[in-house]
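Reviewing the structure listed below.
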Amino acid sequence: MLNHVTWLNYPATLRVDFWVKPHPGYAWNLDADALIDVEDIAEVLRWVDEHANGRLFEVFAEMEDEPEGSFGTPRKTGLVRLLGSNLNEGGTVETVLLEAF
């Protein structure tokens with residue numbers, strides 16, 4: 001049962017996780033990007049289309065405002081997955097590949 005509901009208000013911070021397996025049998029490598037002051041999900045999907053380079057991806061909404069930190073500082077806010085699946089969980093994986101027309 002939900003005890004707390006938080007609405008996503010734009011502009012928002014959305015996170016994009018790109019995943020790639022460098023070789024068969026290797027673990028997935030993660031490349032995470034925080035997109036700050038996003039106006040809508042369409043803006044994020046355009047950005048993903050420009051940067052995916054054939055990689056699988058997930059899109060998350062950050063649930064709390066968090067100040068922008070240095071490159072090596074991990075973000076700590078809670079995330080809600082908007083698109084994609086966790087490739088490390090081993091179950092069904094949704095593959096999303098955007099191609100330019």
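Values in this text are rule-based calculations from the coordinates and carry no lab data. These numbers come from a predicted model, not from an experiment. So basically every Cβ, Gly included, is an ideal-geometry build from the backbone, and we count neighbours across all protein chains shown.
In whole Hz, what ³J(HN,Hα) sequence does the stretch 18-23 give by Karplus (6.51, -1.76, 1.60; θ = phi - 60°), x for Gly and Pro?
9, 10, 8, 9, x, 8
Would you please give the residues with an amide H less than 5 Å from that of residue 85, counting only those at least 5 places away or on a separate chain, with H modeled from the backbone geometry?
Long-range HN contacts for residue 85: 94.
Tell me, 43, 64 in order of fewest to most beta-carbon neighbours within 10 Å?
By the 10 Å Cβ count, ascending, the order reads 64, 43.
Suppose the chain between residue 75 and residue 20 were pulled fully straight at 0.36 nm per residue; how much longer would it get relative to their current alpha carbon spacing?
In short, 17.7 nm is gained.
What length, rounded to one decimal in nm, is gained on full extension from residue 47 through to residue 28, with 0.36 nm per residue of separation minus their alpha-carbon distance?
Length difference between fully extended and current span is 4.7 nm.
Within a 10 angstrom radius of the beta carbon, how do 75, 15 rank from fewest other beta carbons to most?
Exposure proxy ranking, most exposed first: 75, 15.
Can you work out ³J(HN,Hα) from phi for every residue in the stretch 47-63, in order, using Karplus 6.51 cos²θ - 1.76 cosθ + 1.60 and θ = phi - 60°, giving whole Hz and x for Gly and Pro?
5, 4, 4, 6, 10, 5, 6, x, 7, 6, 8, 10, 10, 10, 9, 7, 7
Tell me, 77, 13 in order of fewest to most beta-carbon neighbours within 10 Å?
Ascending Cβ contact count within 10 Å gives the list 77, 13.
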